[in-house]
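Okay, structure first, notes after.
The values are calculated or read from the model by the stated rules, or taken from the named source; none is laboratory data. Quick caveat: nothing in here was measured; it's all calculated off a predicted structure. FYI the Cβ positions are ideal-geometry reconstructions off the backbone, even for glycines, and counts take in every protein chain you see.
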Amino acid sequence: MRHTCVWLLLAAVAGRPVAASAQDIPPYVPANPLLESRSALYAQPYISPHQGWQVRFVTDYYNAVEVADSHGPDPRQSVFDAEVLQADLWVTGDVSRKVFVLANLPVRGGYAGFLDGFLIWYHHLTGLSVPARDQLPRNTFQWRLDLPDSSIRRANPGTFIGDLRTAIGFRLGRAEVIASLTLPTATLGDDGWTRHVIGSSVALIDELVRNSRFTVDASATAGITPTQGRLARYQRSVFAAGLLSGRWRFAGEQAVFGSIWAQSSSWKGTGFNAVDDPEISTDFGFLLHLKRRWPELQLGMTQDLLPPGPAMDVGFSVGLRW
């Protein structure tokens, strides 16, 4: 976790006071490596005009577990058991009132982890059964994918820098268009965690509601990422997604937020519904402004709703925005 502390320090140094803080909803990047290693799409709510630069740093830490069986005549199995780090440094700035730029530097990681015992206790306490968590060894990294023509075993990657995202946005009244590219800057050469090629996306975002208490945004996104590597025959290259997100300021500058994100499938023909099907995720939590000159504090959780796996069993997020 030393890398996380370093990026948090960098964000604190880079941040500086700006004009009155807009009530924007945080972006969401899918943490499931099966999605992130293929698609450059992410959930970006409306970005309000502001003076100077804005900096946001968010760290998410997930416990992931799933054992999936193939459909069809050939019995095969997919196992994904890991803890996943996702840390993002976001910088946005207005070129004019109608044009802005964005950059996102990601830090990623995959580990054997330490949360399995706690989550087993939590699931038993709440009655939410997760059979795969009870079956698999505790705090052990496993990623195995048995395909029709091969069997893939992936090693624990540790911590690494992901693919840099750059974007330009245009405001069109209550709507925005954001075009972005992800560049193959990852410091990890292994397949499965990064794209290794340039990925693209275009998002159309609309402010459905914005007043002193409520903000509701919706967006539609499409993108292309070329196929590559030893699993190219199973990869899709064209992707689409939709987002609905909201923020309610319930007291002063204190707010709750929630987003639901649906993305088309990234893979095809693997024989696992959990890999080939579209994904739906939720991201929700609190946005707290504890003192006037302090940065906004984000505390939240993320949950994969569909498909049932490989899935982020539960994710916890902590973020700051200047």
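Assorted remarks:
- Residue match in region 223-237 (condition: closer than 23 Å to residue 88 by Cα, free of Cβ contacts under 8 Å to residues at least 60 places away in the same chain, surrounded by fewer than 21 Cβ atoms within 10 Å (Cβ to Cβ) and out of contact with any strand residue (DSSP E or B) (no Cβ under 7 Å at 6 or more places or on another chain)): no
- Within region 101-113, not a single residue is more than 16 Å from residue 316 (Cβ to Cβ), surrounded by fewer than 21 Cβ atoms within 10 Å (Cβ to Cβ), among the small types (Gly, Ala, Ser) and free of Cβ contacts under 8 Å to residues at least 40 places away in the same chain.
- Consider region 198-207 and keep the residues that are among the aliphatic types (A, V, I, L, M) and surrounded by fewer than 18 Cβ atoms within 10 Å (Cβ to Cβ). The one that is farthest from residue 158 (Cα to Cα) is 204.
- Residue 189 being at positive phi, at pLDDT below 95 and of a type outside the set (Ser, Thr, Tyr): no
- Between 69, 88, 94, 81, the distinction of being of a type outside the set (Val, Ile, Thr), crowded, with 18+ Cβ neighbours inside 10 Å, more than 21 Å from the chain's Cα centre (by Cα) and modelled with pLDDT of 85 or more belongs to 94 only.
- Test: residue 259 is among the hydroxyl-bearing types (Ser, Thr, Tyr) and crowded, with 21+ Cβ neighbours inside 10 Å: yes
Residue by residue, here is whether (1) of a type in the set (Ser, Thr, Tyr); (2) surrounded by 10 or more Cβ atoms within 10 Å (Cβ to Cβ); (3) within 24 Å of the chain's Cα centre (by Cα) holds:
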position	(1), (2), (3)
115	no, yes, yes
118	no, yes, yes
121	no, yes, no
124	no, yes, no
131	no, yes, no
142	no, yes, yes
146	no, yes, no
149	no, no, no
154	no, yes, yes
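- Every residue from region 114-158 that is more than 25 Å from residue 72 (Cβ to Cβ), in a helix (DSSP H, G or I) and touching a residue at least 40 places away in the same chain (Cβ under 8 Å): 116, 119, 133
- Residues that are part of a loop (DSSP other than H, G, I, E, B), within 29 Å of residue 299 (Cα to Cα) and modelled with pLDDT of 95 or more, drawn from region 233-288: 264
- Hey, residue 64 within 30 Å of residue 159 (Cβ to Cβ), within 13 Å of the chain's Cα centre (by Cα) and buried (at least 23 other Cβ atoms within 10 Å of the Cβ) or not: no
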